[in-house]
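The next block holds one structure in the form of structure tokens; read it before the comments.
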Amino acid sequence: MRLEPLPLTADHDIPGPLLTELTALYASNRGFHTLSGDFPDPDDIRPEQVAAALAEELANPDVEVLLARSAGRLVGVAITLARHPDPADPDPWLGLLLIDAGEQRNGYGREVAALVEERFRARGRAALRLAVLDNNRPALAFWQVLGYTVIDHRRDRQRGRPCAVLSKPL
């Protein structure tokens, strides 16, 4: 498994073939997008929508979009935030971990999470936080199995959705 930063063209665009791969990965996760409401129609996720969502993330210099590849194939994407907008929050965040739906339950999520944790551990960070939508029980169970504990309940900053905030010491 390789975890690599999202490469952009000289014009700061996502290369076409990569955008096609990313769109397929996002589209495979209909259930998550139905819960999150991130896309207007979870059955019709378009490349321009994925590009816009990622451009919004990449506009923040503290955000890193990481591609997870296994045997050359894109199996997941992780979006990290070096620091939360709230200055009282000292820890980095994992904003999104999305594994191709056809590859879920094959250990990729666990492996990508471990690689993200190691990246922050190597940078001297003490803990990692993330938020799980309250209506996403399978995700909450996944993160708890990996050693994350619920430390708060609040609404997310982007859309006001109720979430559980989890943390794990690194």
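The values are calculated or read from the model by the stated rules, or taken from the named source; none is laboratory data. Since the structure is predicted, the reported quantities are computational estimates derived from the model, not experimental observations. Note: ideal-geometry Cβ built from the backbone for every residue, glycine included; neighbour counts use all protein chains shown. We work out accessible area using only protein heavy atoms, side chains counted, and drop any ligands, DNA or RNA first. Shrake-Rupley method; radii C 1.70, N 1.55, O 1.52, S 1.80 Å.
What are the pairs with Cβ atoms under 9 angstrom where one residue, in the stretch 37-51, is at negative phi and the other, located anywhere, is charged (D, E, K, R) and not in a loop (DSSP other than H, G, I, E, B)? Sequence gap at least six, or different chains.
From the stretch 37-51, the pairs are Pro42/Arg30; Asp43/Arg30; Ile45/Arg30.
Going by the conditions given, is Arg161 open to solvent by 30 Å² or more (accessible area, probe 1.4 Å), in contact (Cβ under 8 Å) with a residue 60 or more places away in the chain, closer than 20 Å to Asn29 by Cβ and out of contact with any His (no Cβ under 6 Å at 6 or more places or on another chain)?
So Arg161 fits the description; yes.
Answer with yes or no whether Ala113 is modelled with pLDDT of 95 or more, farther than 20 Å from Thr34 by Cα, surrounded by 18 or more Cβ atoms within 10 Å (Cβ to Cβ) and out of contact with any strand residue (DSSP E or B) (no Cβ under 6 Å at 6 or more places or on another chain).
The answer is yes for Ala113.
Filter the stretch 121-148 down to residues that are touching a Lys or Arg at 6+ places or on another chain (Cβ under 7 Å) and under 17 Å from Arg110 (Cβ atoms) and give me whichever is most open to solvent (accessible area, probe 1.4 Å).
The qualifying residue most open to solvent (accessible area, probe 1.4 Å) is Gly147.
So, of the residues in the stretch 6-46 that are loosely packed, with under 12 Cβ neighbours inside 10 Å and within 20 Å of Gly160 (Cβ to Cβ), which turns out to be modelled with the lowest pLDDT?
Looking at the filtered set, the residue picked out is Gly37.
Between Arg83, Arg105, Arg69, Arg30, which is more than 23 Å from Asp134 (Cα to Cα) and basic (Lys, Arg)?
When all the criteria are applied, what remains is Arg69.
I'd like the full set of residues that are under 19 Å from Glu56 (Cβ atoms) and in a loop (DSSP other than H, G, I, E, B), limited to the stretch 1-27.
Leu6, Pro7, Leu8, Thr9, Asp11, His12, Asp13, Ile14, Pro15
Taking the stated definitions as given, is Ala139 in contact with a strand residue (DSSP E or B) (Cβ under 6 Å, 6 or more places away or on another chain) and under 22 Å from His84 (Cβ atoms)?
The answer is yes for Ala139.
Gln49 versus (1) open to solvent by 60 Å² or more (accessible area, probe 1.4 Å); (2) modelled with pLDDT of 90 or more; (3) of a type outside the set (A, V, I, L, M); (4) more than 25 Å from Leu115 (Cα to Cα): which is the lone unmet condition?
Every listed condition holds for Gln49 apart from (1).
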